[in-house]
Amino acid sequence: LATTGGLGLTAASVLTRLDLDGPQRLTDLAASEGVSQPSMTQLVSRLEREDLVQRAPSPEDGRVVIVTVTGAGRNLVAERRLERAAALEALLNELDLDEQAAISRALPAFARLADLANVPAVSGRADRPRPGGVR
């Protein structure tokens, strides 16, 4: 479901992760997103130029970079979440009542699958590896 902000999947996932989990080490963001540290550094630099994140040295170790979502980044995450919910609602409204009920009954199973795969349900990460290599 397309949303505002012109963000790619990884950028949107990073903003969502920072919004939900709080400030993160740059190296941890890279590992959690499955990208190299130089790639994450480039992405964070772009997000910083767009005032969506800020980075600062860790108070414990000045060599470590901590990335934090800004107010503008939080607003963008919230706006994207609302847009996706509205788009999904519009699609679901196109289904008949039996189809809607079937989806409603299946939701707990999908939540369980996300738990088993250790995938945050709110991130919308379609490219995160799943058990058995299923995408």
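Do any GluC sites (Glu not before Pro) in the range 49-93 lie in a DSSP loop with no more than 14 other beta carbon atoms within 10 Å, and if so, which? When the GluC sites (Glu not before Pro) of the range 49-93 are filtered for loop state and at most 14 Cβ neighbours within 10 Å, Glu60 remain. Ile103 sits among other residues whose Cβ lies under 14 Å from its own Cβ, and their net charge, with Lys and Arg +1 and Asp and Glu -1, is -4. A 1.4 Å probe run over the protein chains yields, for the range 40-103, 66 Å² of accessible area per residue, whole-number rounding.
The trypsin sites (Lys or Arg not before Pro) of the range 5-65 that meet both conditions, a loop assignment by DSSP and at most 11 other Cβ atoms within 10 Å of the site Cβ, are Arg63.
The values are calculated or read from the model by the stated rules, or taken from the named source; none is laboratory data. Here the structure is a predicted model, which is why all the values come from computation and not from measurement. Neighbour counts are summed over all protein chains in view; Cβ atoms, including those assigned to glycine, are modelled from backbone coordinates with ideal geometry. Note: accessible area is taken over every heavy atom of the protein model, side chains too, but ligands, DNA and RNA are not part of it. Shrake-Rupley method; radii C 1.70, N 1.55, O 1.52, S 1.80 Å.
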